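Read through the structure below, which is laid out as structure tokens, and then see the notes.
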Amino acid sequence: MKRTLLLLITFMISLSAMAQDFPYGEVDNAALEMKKYDRDTSAHAVVLNEYGTTRINFTNDYHIRMSFEYHTKIKFFDNKEFEREGTFEIPIYNGSDMVYEEVEDVKGITYYKDDNGIVQQVALDSKKVFRVKDSKHWTTVKFAMPALRNGCVIEVSYRVTSPYDFNFHSWYFQSYIPKVNSEYEVHIPGFWNYNASLKGYLKLTKNTAKVESKCFSYGTSSADCSDIVYGISNVPAFIQEDYMTSEKNYRSAVNFQLEEETDFNNGAKIKYAKSWKDLDYLLKTESSFGGQLKRKSLMGEKIASVIANKTDQLEKAKAIYTYIKNCIKWNEGKGFSSEDGIKQAIENHAGNSGDINLALVTALNAAGIPTEAVLLSTREHGNLNKLYPNLEDFNYVIAKANIGDKSYLLDATDPLLPFGMLPLRCINDQGRVFSLDKPSYWIDMATQQRENVTYALDLTLQDNGKLKGTVTRFSSGYSGYLKRREIKKYNSIDEYVEHIELKNIKILKSEIANVDSLDQPLGETYEVEMNQYNDLNHGRLTFSPFLLNQLTTNPFKLAERDYPVDWGMPSDERYIVNIHLPAQYAIENPPQGVAFALPNQGGKFFTNFESDNQTFTFSYDTRLDKSIYGPEEYPYLKELYNKIILAEKNEIVFKKKS
């Protein structure tokens, strides 16, 4: 969910009270005596107050500086949040020796009551504030609050100054602990116009604005400022659950993008927010993107022998795809451009996703296969803002090969990826398709691929109480890819088998097929022996047919969920269990069948039982037929997993014949 608003000087003036920072260096007795947070009694800590403000100012030498000031006060009920909430990390960007961001005026106090009930204060030592160089352009300022103990309150404030007016500071209202109050105040001179976008599911409880007259001046030029406040009270903790994309998509926050700036000297408007037409032109003329897509002669030479004697377009495409996968090793770097050029990546046999997939796009086009580049944002990077084009929203590129009446989305970063399959990181929202000869457009990143796994167990109950037979697993679609990646981590298949952990199961012999046949299901067959019973000297035996991968806890624990469950793709997990009983035993009570379906053909879980004299077959299947389930479908998903856990508790009873 995203709500968007424009910050204009003509913003309606609110008569409500404006935001104000709270005093530093004070703590009240109620905060120190606080034993729990009534709105969330499970919380280990709570933000009592949080305030931030950003202003644009001039330095003494008339350089623009953006100043962000942060102030927070946090109550700890126990020690479980000390590491996360008692440690602060502030990333800053260093463009050059002359242009860089800086952290200033770092202050901190830890308040607590000693054994005599006297309030003590321990100040943060400035010598314990460290700078860690992360990369050429990024540094992190780190510090940990002193004297943390159960029941303490900490207070922290600091200022970040930046010369980059395009990087207006975002504000996250929501974090991993609840907040009593969170407010962000921005002062924007009329020389700048920013687009502000609110993310998340929480509504603002405070949103006020006023005009500050003549608050900003430069020489003979001056401007009014918009003083705008965003606030949310009683903010719940953001709870991470399984099967969600980037938390940035769902944590309540306000972000800013520079749209337009006015030149102080001549009043000219400098437009930063681009249209898609602008970005199309920028990318086509950029040497690291469009310049690489034009290098068809280079790639034509590279692939000449690869496609020799091939006439079918799909066959050519697969050969080129395999060539690029094997020619350039992915260095784990994400990007949509090729800074050093695809020629350099081929010569070095290494590159980031931009190097590899731009080489693929260019090679396919050189072979006469119409192919476009698709810019996207990976799942951990967050969803795209489609209203305001911004290249910084993208962090990855793939290829879209158009062959006949079909299109194939391709990522050549992993040799184990079959043709036409994308890694999960790429399956996120939408992508923007770019080419050299037509306007860009959106496509959905949802694919037809599935995760399919079938287990077939054929076991005989021996006189010694052990089950002996075979376990076969067939992994196809995305499951086959994941299994191949798992196997290739080991030096050999034998080493992989040695590391398989199966409770109470001994592997006697193994056979694995189609490891290198990427388009075929991967088959694993194991001859096994399971310790089921000590012996068969019992009148009755209980047996659970759920022998593998039992689900012990429901992955969905929230009463309700405000954001979707995103698997990335549909899945089907099926088990077929054949059991051969000794002649002296018969089935006393066959299990009841279970069937539970999700609404709107979203999926189902069902079991089935069939018997024939001394042999019975028990099968069960969990199908999830959608990639994404909305918040309104969450209760049904949760109930489906409750049904699975309940079904796994059912047992079959074998009775010795008279």
Note to self: Out of the residues in the stretch 191-247 meeting the condition of being β-branched (Val, Ile, Thr), more than 30 Å from Met445 (Cα to Cα) and at pLDDT 90 or above, tell me which one is farthest from the chain's Cα centre (by Cα).
What the structure shows: Val211
Next item on the list: For Leu558, indicate whether it is in contact with a Phe, Trp or Tyr (Cβ under 9 Å, 6 or more places away or on another chain), part of a loop (DSSP other than H, G, I, E, B) and over 30 Å from Leu416 (Cα atoms).
Entry: yes
Checklist line | Residue count, the stretch 629-649 (criterion: in a helix (DSSP H, G or I) and closer than 18 Å to Thr607 by Cβ) | finding: 9
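Condition first: of a type outside the set (Val, Ile, Thr), open to solvent by 60 Å² or more (accessible area, probe 1.4 Å) and out of contact with any Lys or Arg (no Cβ under 9 Å at 6 or more places or on another chain). Now tell me which residues in the stretch 97-125 satisfy that.
Taking the stretch 97-125 and keeping what is of a type outside the set (Val, Ile, Thr), we get 97-98, 100-102, 104-105, 107-108, 111-117, 120-121, 123-125.
Now restrict to residues that are open to solvent by 60 Å² or more (accessible area, probe 1.4 Å): 97-98, 100, 104-105, 107, 113, 115-116, 120-121, 123, 125.
Passing the criteria: Asp97, Met98, Tyr100, Lys107, Lys113, Asp115, Asn116, Gln121, Asp125.
For every residue, the table says whether it meets (1) touching a Pro at 6+ places or on another chain (Cβ under 8 Å); (2) in a loop (DSSP other than H, G, I, E, B).
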| site | (1), (2) |
| --- | --- |
| Thr525 | no, no |
| Met530 | no, no |
| His538 | no, yes |
| Tyr563 | yes, yes |
| Asn578 | no, no |
| Lys604 | no, no |
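Kindly indicate whether Tyr490 is aromatic (Phe, Trp, Tyr), free of Cβ contacts under 8 Å to residues at least 24 places away in the same chain and open to solvent by less than 20 Å² (accessible area, probe 1.4 Å).
No, not satisfied.
Do you know which of the residues in the stretch 310-322 that are in a helix (DSSP H, G or I) and of a type outside the set (Lys, Arg) is nearest to Ala363 (Cα to Cα)?
The extreme case among them is Ile320.
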Margin query: For the structure I just gave you, tell me whether Ala412 is closer than 21 Å to Arg485 by Cα, at pLDDT 95 or above and either small (Gly, Ala, Ser) or out of contact with any helix residue (DSSP H, G or I) (no Cβ under 9 Å at 6 or more places or on another chain) (or both).
Written below: yes
Next item on the list: Only one of these is within 25 Å of Lys506 (Cβ to Cβ) and either open to solvent by 20 Å² or more (accessible area, probe 1.4 Å) or hydroxyl-bearing (Ser, Thr, Tyr) (or both): Phe474, Phe419. Name it.
Entry: Phe474
Check: Could you say whether any residue in the stretch 426-434 is touching a residue at least 60 places away in the same chain (Cβ under 8 Å) and closer than 27 Å to Asp621 by Cβ?
Finding: yes
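Name the single residue, out of those in the stretch 323-366 being polar (S, T, N, Q), in a helix (DSSP H, G or I) and surrounded by 19 or more Cβ atoms within 10 Å (Cβ to Cβ), that is farthest from the chain's Cα centre (by Cα).
Among them, the one singled out is Asn365.
Counting only residues that are buried (at least 20 other Cβ atoms within 10 Å of the Cβ) and of a type outside the set (Lys, Arg), how many does the stretch 397-407 have?
4
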Check: Which numbered condition trips up Gly603, out of (1) farther than 27 Å from Leu502 by Cα; (2) more than 41 Å from the chain's Cα centre (by Cα)?
Finding: (2)
Check: Hey, among Phe76, Phe166, which residue is closer than 30 Å to Asn249 by Cα and open to solvent by less than 30 Å² (accessible area, probe 1.4 Å)?
Finding: Phe76
Check: Which is in contact with a Phe, Trp or Tyr (Cβ under 8 Å, 6 or more places away or on another chain) and within 30 Å of Leu360 (Cβ to Cβ), of Ile303, Ile307, Ile228, Ile232?
Finding: Ile303
Next item on the list: Select the strands (runs of 3 or more DSSP E) contained entirely in the stretch 373-479, then report the ones holding at least 3 residues which are of a type in the set (A, V, I, L, M, F, W, C) and under 30 Å from Asn537 (Cα atoms).
Entry: 451-461
Check: Looking only at strands (runs of 3 or more DSSP E) that fall completely inside the stretch 189-237, which ones have 1 or more residues that are among the aromatic types (Phe, Trp, Tyr) and touching a Pro at 6+ places or on another chain (Cβ under 8 Å)?
Finding: 206-218
Next item on the list: List every residue pair whose Cβ atoms sit under 9 Å apart, with the two residues 6 or more apart in sequence or on different chains, where the first one lies in the stretch 353-377 and is more than 17 Å from Ser287 (Cα to Cα) and of a type in the set (Ser, Thr, Tyr) and the second, anywhere, is assigned to a helix (DSSP H, G or I) and open to solvent by 10 Å² or more (accessible area, probe 1.4 Å).
Entry: Thr371/Asn365; Ser377/Asp393
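The values are calculated or read from the model by the stated rules, or taken from the named source; none is laboratory data. This is a predicted model, so every value here is computed, not measured. Virtual Cβ from ideal backbone geometry, glycine too; neighbours counted across all protein chains shown. Keep in mind that these areas ignore ligands, DNA and RNA; they rest on the heavy atoms of the full protein, side chains included. Shrake-Rupley method; radii C 1.70, N 1.55, O 1.52, S 1.80 Å.
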